[in-house]
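Quick notes on the structure that follows.
Values quoted throughout were computed directly from the atomic coordinates according to the rules given, and no laboratory measurement underlies them. All of these numbers come straight from a predicted model, not from anything done at the bench. Here the Cβ positions follow ideal geometry from the backbone for every residue, glycine too, while neighbour counts run over all protein chains shown.
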Amino acid sequence: MGSPISTRMDIRPPQPAERPALLALWERSVRATHTFLTEEDIACYRPLTAEILAGDALELWVLTNEADGLIGFVGLSGDAIEALFLDPAHRQKGWGRQLVAHAQSLRGGALRVDVNEENVAARTFYEALGFELVGRSSLDSTGRPHPLLHLRRSADLAAGSSQQATTVLTPGKTARVTAPVYTITQARPRDLSRLPAIELAAARLLAGHAPPSVLAETTTGDVLNAAHAHGRLWVALAEDVPVGFAHVEILEPTVAHLEEIDVHPEHGRRGVGRKLVMAVCAWTETNGYGAVTLTTFRDVPFNMPFYARLGFEVIPPAELSAALRAVVQDETRRGLDPARRVVMRRLCDAADRHE
């Protein structure tokens, strides 16, 4: 007869000293469950994962107990489970379900998750919890040939699931967070003066990736006023106060260019950026444009991989239009390394596959 499950389990935010151990746990878990990956794949993912786990891109929660220490962790961004890994010694004991239940208790509505198509066990796990297939990408978020399946669990299914599972945890140890309700809308005149502060706050997340001169830049008042006048400026509101914005320019007749998108770090990892991008894409299609383009960092986890999950694809340099080449040249002139930058495009007909 097996040992009883300890009631001293705890799900809590990680301590700073635990961050390196998360990377080691990630690798042990990946080697045990992602047997389709090559050593080259793991070597590619390792530094990206280390940067994510060391930073603030994800809302991280660790599962621990007194006897074994760190058992697993989950990472959230908005309504998406971006990471869920267990130490191989603690698989098939119900702890994965508890981490999903904890994510549900924090978010309260529908949840999304992406799994590798080759990881049959992961898909089976999530489908047993009520997740359903809603889309597929032929490449993973780094552009490697490992297809992703996009799964979603509706709020109706989530309600029963979260109520069932949270009672296993030690009472009082599962933090519950009530997230603000965010509204995406066209910017109002009174919003414009608040946007530079959001831009500067968001830029701090790119310290070490961009020169200080670029991090100190803000969109000028004249540009914001013009974008507002033409209906190409959106804000994310929390309690009627802007906490994020997206600014579109029309650089060529059939394409909308996402010139700037920022979310204040205090409201990060809650799906606000995704909502802003989706609002821009919906506007683009409604107004007859064929695609949305943008430039971003190739090697920053919350840049190119984020947009790839939303259906954006890299445009090879040889295929850039004159307008997009001019954007890249201007970035280079301002001090951004072109080798670290990438131009991406989302075609309007990609919407049904990723929303």
Leading residue by the ranking (farthest from THR183 (Cα to Cα)) among those in the stretch 305-314 that are out of contact with any Asp or Glu (no Cβ under 9 Å at 6 or more places or on another chain) and surrounded by fewer than 22 Cβ atoms within 10 Å (Cβ to Cβ): VAL314
Within the stretch 52-71, the residues that are part of a loop (DSSP other than H, G, I, E, B) and crowded, with 19+ Cβ neighbours inside 10 Å are ALA57, LEU58
Could you count how many residues in the stretch 105-120 are out of contact with any His (no Cβ under 8 Å at 6 or more places or on another chain), within 20 Å of GLY135 (Cβ to Cβ) and surrounded by fewer than 21 Cβ atoms within 10 Å (Cβ to Cβ)? 3
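Residue by residue, here is whether (1) of a type outside the set (Val, Ile, Thr); (2) farther than 23 Å from PRO189 by Cα; (3) without any contact (Cβ under 8 Å) to a residue 12 or more places away in the chain holds:
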position	(1), (2), (3)
ALA210	yes, yes, no
ASP222	yes, no, yes
ALA226	yes, no, yes
VAL248	no, no, no
MET278	yes, no, no
THR286	no, yes, yes
VAL292	no, yes, no
List the helices (runs of 4 or more DSSP H) inside the stretch 211-322, counting only whole elements, that have at least 1 residues being in contact with a strand residue (DSSP E or B) (Cβ under 8 Å, 6 or more places away or on another chain), over 17 Å from LEU347 (Cα atoms) and not hydroxyl-bearing (Ser, Thr, Tyr). 212-215, 221-229, 272-286
Quick check on HIS102: is it surrounded by 14 or more Cβ atoms within 10 Å (Cβ to Cβ), free of Cβ contacts under 8 Å to residues at least 24 places away in the same chain and under 24 Å from ASP68 (Cβ atoms)? no
Select from the stretch 114-142 the residues that are without any contact (Cβ under 8 Å) to a residue 60 or more places away in the chain, among the small types (Gly, Ala, Ser) and closer than 25 Å to TRP95 by Cβ and list them in ascending order. ALA128, GLY130
Here's a check for you: in the stretch 89-99, which residue that is over 20 Å from the mean Cα position of the chain (by Cα) and touching a residue at least 24 places away in the same chain (Cβ under 8 Å) is nearest to VAL30 (Cα to Cα)? ARG91
Has the stretch 12-27 got at least one residue that is among the acidic types (Asp, Glu) and in contact (Cβ under 8 Å) with a residue 60 or more places away in the chain? no
Which number in (1) touching a residue at least 60 places away in the same chain (Cβ under 8 Å); (2) in contact with a helix residue (DSSP H, G or I) (Cβ under 7 Å, 6 or more places away or on another chain) marks the one condition that GLY268 misses? (2)
